[in-house]
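S.K.: Sharing a structure here in structure tokens format.
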Amino acid sequence: CAVQHAFLFADPAAHSRSPEMHRAAFAHAGISGEYTARRVPPAELPAAVVGLRQPGVLGANLSLPHKTAALSLLDDLTPAARAIGAVNTVIHRGGRLTGDNTDAPGLLAALADVDAPTGGLSVVLGAGGAARAAVYALVSAGHTVMIVNRTHARAQALAAELGGRAAWPETVPWSAVTLLVNASSAGLDAPDESPLSPFVPLEARAVVYDMVYRPAETRLMREARAAGLRAENGLGMLAHQARLAFRAWTGADVPVGVFLGALAGGRMPQPEG
Ligand code: NDP
């Protein structure tokens with residue numbers, strides 16, 4: 001049958017790992033499909049989105065700087081995309097475009113893969129786009145969430161909108177924290193930078209989840225492991241958000257290992273928050 005197309009719109013787009021993941025998924029699912037990463041400058045996003053309404057187009061992933069700008073260009077938004085205020089996946093059906101956000105369920109799936117504690121006290125570091133997805137996901141999964149951000153006012157605004165409570169590092173009861181999610185960009189390409197410096201001990205079974213995945217072991221992860229805690233980088237979330245987008249486009253439930261395998265197959269991934 002006819003080749004189906006999916007795209008990434010981002011600026012820059014050249015270093016994205018999404019093409020490798022989705023090509024591996026097409027091959028695994030036996031679907032004749034193509035995935036193309038296109039550099040789309042902000043001014044060209046409206047025209048690029050119109051192009052998604054063509055027959056044979058499954059949809060697109062959106063990355064920086066388009067996740068928020070796309071909100072007003074689509075016909076429908078899922079509750080998650082609307083609440084988070086960001087679209088990372090556009091789904092095309094019969095000329096209509098729906099905006100979804102698979103970062104939030106992608107994070108929850110990645111946490112489930114490592115048996116991260118649920119329902120306890122969770123701290124999210126950061127207050128940008130990734131933190132919005134993390135807070136939405138954790139609050140909806142029943143976690144008690146505290147948000148710590150370098151610029152405290154942004155943490156307060158996020159909590160007022162999506163739930164959770166803004167906190168200063170000094171006011172977090174760290175020894176009771178069972179999940180720490182770094183959703184800030186501290187540590188990205190900076191092996192000696194940590195969003196929690198000095199590191200503080202957490203609850204003994206706590207998991208530290210760093211959404212940063214380059215380097216593969218951040219300083220936050222290193223210090224958590226040295227303190228005897230489990231620590232994971234953001235590759236699992238990256239793979240799961242891709243898996244969920246692929247399923248929304250095609251209906252095919254390709255195992256996350258296919259996406260992780262594609263990520264492991266080449267050079268280290270580039271960030272694509
Ligand atoms: P934003 O630019 O929207 O937000 C960045 C956040 O990081 C802000 O809260 C900022 O604080 C904080 N920050 C930046 N530098 C520092 C620092 N040196 N110390 C403390 N805080 C700092 O970025 P995104 O939310 O889009 O992305 C954040 C990270 O998450 C990126 O590394 C991205 O690659 C990653 N990501 C990973 C995904 C995955 O699938 N694994 C998905 C999406 C994102 P302030 O408000 O004070 O400026």
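S.K.: For a test of the definition: using alpha carbon positions, the gyration tensor, and the 1.5 limit on a/c, classify the range 125-268 as rounded, prolate or oblate.
M.R.: Working: a/c = 1.87, a/b = 1.32, b/c = 1.41.
Cα axes put the range 125-268 in the oblate bin.
S.K.: Would you compute, for the Cα atoms of the range 4-53, the largest minus smallest coordinate along each principal axis and list the three values in descending order, in whole Å?
M.R.: Here the spans come out as 36, 26, 7 Å, largest first.
S.K.: Assuming 0.36 nm per residue, please report the length gained on full extension of the stretch ALA160 to SER140 beyond their Cα-Cα distance. Let's see the in-between values first.
M.R.: Working: separation 20, 0.36 × 20 = 7.20 nm, distance 1.48 nm.
Extra length from ALA160 to SER140 when fully extended: 5.7 nm.
S.K.: Right, next: Pull out a ≥ b ≥ c, the square roots of the eigenvalues of the alpha-carbon gyration tensor of the chain, then state rounded if a/c is under 1.5, prolate if not and a/b is larger than b/c, and oblate in the remaining case. Present the calculation step by step, with values, prior to reporting the outcome.
M.R.: Details: a/c = 2.00, a/b = 1.61, b/c = 1.24.
It comes out prolate by the Cα gyration axes.
S.K.: While we're on this one: To the nearest 20 debye, what is the magnitude of the charge dipole of the range 105-233 about its Cα centre, counting +1 on the Cβ of each Lys and Arg and -1 on the Cβ of each Asp and Glu? Before the final figure, lay out each step's value.
M.R.: On the way: 10 positive and 12 negative charges, 37 e Å.
It comes to approximately 180 debye.
S.K.: Further question: Sorted by packing (mean other beta-carbon atoms within 10 Å per residue), highest first, where do 58-66, 177-185 land?
M.R.: Values: 58-66: 23.2, 177-185: 24.8.
Top of the packing list down: 177-185, 58-66.
S.K.: How big is the antiparallel share of DSSP beta bridges in the chain, given as a percent to the nearest 5?
M.R.: That works out to approximately 20 percent antiparallel.
S.K.: Now for a separate question. If packing is taken as the mean number of other Cβ atoms within 10 Å per residue, what is the order of 98-110, 35-47, highest first? All intermediate terms of the calculation are to be shown ahead of the outcome.
M.R.: Details: 98-110: 24.5, 35-47: 15.0.
Descending mean neighbour count gives 98-110, 35-47.
S.K.: Counting DSSP beta bridges in the range 1-134, what percent are antiparallel, to the nearest 5?
M.R.: Values: 8 of 22 bridges.
Within the range 1-134, antiparallel bridges account for around 35 percent of the total.
S.K.: Summing +1 for each Lys or Arg and -1 for each Asp or Glu, what net charge is found among the other residues whose Cβ lies under 12 Å from the Cβ of ALA60? Walk me through the intermediate numbers first.
M.R.: Numbers: positive: ARG38, ARG53, LYS67; negative: ASP100.
So the surrounding residues net to +2.
S.K.: Helix 235-250 against the longest principal axis of the chain: what's the angle in degrees, Cα atoms only, rounded to the nearest 10?
M.R.: That helix lies at roughly 30 degrees to the long axis.
S.K.: Here's another thing I want to ask about it. Rounded to the nearest 10 degrees, what's the angle between the helix 152-162 long axis and the longest principal axis of the chain, both from Cα atoms, 0 to 90?
M.R.: Its long axis makes an angle of about 60 degrees.
S.K.: Another question about this same structure. In what sequence do TYR136, TYR213 fall when counting other Cβ within 10 Å, fewest first? Walk me through the intermediate numbers first.
M.R.: Numbers: TYR136 28, TYR213 24.
Least to most surrounded, the residues fall as TYR213, TYR136.
S.K.: Continuing with this model, one more query. If each DSSP helix of 4+ residues adds -39,500 (n - 2.57) and the sum is divided by the residues in the chain, what number results at 222 nm, nearest 500 deg cm²/dmol? Walk me through the numbers on the way to the answer.
M.R.: Values: 9 runs with 92 residues, N = 273.
The helix contribution divided over the chain gives -10000 deg cm²/dmol.
S.K.: Could you please report the charge total around GLY228, scoring K, R as +1 and D, E as -1 over all other residues with beta-carbon less than 12 angstrom from its beta-carbon?
M.R.: Details: positive: ARG205, ARG225, ARG230; negative: GLU203, GLU223.
Local charge sum for GLY228: +1.
S.K.: Now for a different question. Just rank THR218, THR68, THR144, fewest to most, by other beta-carbon atoms within 10 angstrom. The partial results should precede the final answer.
M.R.: Details: THR218 28, THR68 15, THR144 18.
Least crowded to most crowded, the residues run THR68, THR144, THR218.
All of the numbers you see were taken from the coordinates with simple rules; none came from a lab. None of the values given here were measured: they were computed from a predicted structure. Because the Cβ atoms are built from the backbone with ideal geometry, glycine has one as well, and the counts that use them run over all protein chains shown.
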